[in-house]
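S.K.: Before I ask anything, let me first share the structure, which is written out below as structure tokens.
The values are calculated or read from the model by the stated rules, or taken from the named source; none is laboratory data. Note that the structure is a prediction, hence the values are computed from the model and not measured. We place every Cβ from the backbone using ideal geometry, glycine too, and count neighbours over all the protein chains shown. Keep in mind that these areas ignore ligands, DNA and RNA; they rest on the heavy atoms of the full protein, side chains included. Shrake-Rupley method; radii C 1.70, N 1.55, O 1.52, S 1.80 Å.
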Amino acid sequence: MKIGGFQKVSLIDYPGRISAVVFTQGCNFRCPFCHNPELVDPERFEGLSPEAEILTFLEKRKGRLDAVVITGGEPTLQPELTPFIIHLKAMGYRIKLDTNGALPDVLEEMLGRKLVDYVAMDIKAPLQRYSEVTKTKTDGQRILKSISLIMGSGVDYEFRTTAVKSLLAPEDLEEIGRLVPGAKRFVLQKFVPTKTLDRSYIHESSYSDGELKAIVEKLAAIVEKATHR
Ligand code: SF4
């Protein structure tokens, strides 16, 4: 596994659980607003965190940590993801996988083998604007397949969208909601520019809490539960 970062404890990344967070290195999208550029742009890659040390740490923390969140970058690109998760499951950890949903076949394997307990999938844009927003030619059918796999899997899940005002109008955000009708949980994430893949996005404005709340109210009619954070 190419692990670009490791957080020993988090109270917020796995709802209701105390988790450690593994950040995989590498992504197949180039979202300009991405706040983890050091995991996406090879020119900004930093040194890898040794997998063996992370596994040793997690072995020692069994019983004190509940879960491991695997995020990125895009974790499903990692060829060693399956054995890595099997190792963590054998230690008794719950697994949350964060994904952009571009590789449904990997997701299908993870879900089919019951290797993940929670999936958080980013939905970047209305389907017809995906390539424009991710700056990457994207097959919308793959995104739809991932959505369908997750919603039919029986595991806990959430869909989430980073609401970048200049890229996604309120109508776009509602259209994204219509990609996941009846979803258990849809989260609009406020865009907070601290560092960004495209450095010009550091100056982008964000939706206000009031604006997000108004959009969430409309989304609440489409999904089971809509929130913003
Ligand atoms: S936001 Fe996620 S999908 Fe987009 S470039 Fe960053 S890590 Fe990749």
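S.K.: Quick one: how many Å² of Lys213 are accessible to a 1.4 Å probe, rounded to 10?
M.R.: My reading of the accessible area for Lys213 is about 110 Å².
S.K.: Which distance in nm do the two modelled labels at Phe45 and Glu174 give, with both placed 7 Å along the Cα-to-Cβ direction?
M.R.: 4.4
S.K.: Taking the DSSP beta bridges in the chain as the whole, what percent of them are antiparallel, to the nearest 5?
M.R.: Bridges in the chain are about 20 percent antiparallel.
S.K.: May I pose another question? Can you give the extra length, in nm with one decimal, that the chain gains between Thr194 and Thr82 once fully stretched, where that is 0.36 nm per residue apart less the Cα-Cα distance?
M.R.: Details: separation 112, 0.36 × 112 = 40.32 nm, distance 3.24 nm.
Contour length minus Cα-Cα distance gives 37.1 nm.
S.K.: Take the Cβ-Cβ distance between His203 and Gln128 as r, set R0 to 25 Å, and report the resulting FRET efficiency rounded to the nearest 0.05.
M.R.: About 0.40, to the nearest 0.05.
S.K.: Using a 1.4 Å probe, what is the accessible area per residue for the chain, in Å²?
M.R.: On the way: 10590 Å² over 229 residues.
Counting only protein heavy atoms, the per-residue value for the chain is 46 Å².
S.K.: Show that you can apply the helix-only estimate: for the chain, add -39,500 (n - 2.57) for every DSSP H stretch of four or more residues, divide by all residues, and state [θ] at 222 nm to the nearest 500.
M.R.: Estimated from H runs of four or more residues: -8000 deg cm²/dmol.
S.K.: On the Cα set of the chain, report Rg and Dmax in Å, please.
M.R.: Every Cα atom of the chain included, Rg and Dmax give 17.1, 48 Å.
S.K.: Also, quick follow-up: Could you tell me the center-to-center distance, by alpha carbons, between the range 169-229 and the range 1-41 in angstrom?
M.R.: 20
S.K.: OK, next. Cut-off under 26 Å on the C-alpha distance; same-chain residues fewer than 8 positions from Lys62 excluded. Which lysines are left, in chain and number order?
M.R.: Lys2, Lys8, Lys89, Lys96, Lys114
S.K.: Let me ask you something else. So which GluC sites (Glu not before Pro) in the range 79-112 are both in a DSSP loop and have at most 16 other Cβ atoms within 10 Å of their Cβ?
M.R.: Glu80
S.K.: Can you tell me the FRET efficiency between Lys218 and Leu144 if r is taken as the Cβ-Cβ distance and R0 is 25 Å, rounded to the nearest 0.05?
M.R.: 0.70
S.K.: Here is a further query. For Lys184 and Glu59, what is the calculated FRET efficiency with R₀ set at 35 Å and r taken between the beta-carbons, to the nearest 0.05? Please list the in-between numbers first.
M.R.: Numbers: r = 32 Å, r/R0 = 0.92.
Once the sixth-power term is evaluated, E becomes 0.60.
S.K.: Got a number for the accessible area of Ile215? Probe 1.4 Å, square angstrom, nearest 10.
M.R.: Roll a 1.4 Å probe over it and Ile215 shows about 10 Å².
S.K.: Roughly to the nearest percent, how much of the accessible area of the range 3-228 is carbon and sulfur, given a 1.4 Å probe?
M.R.: 51
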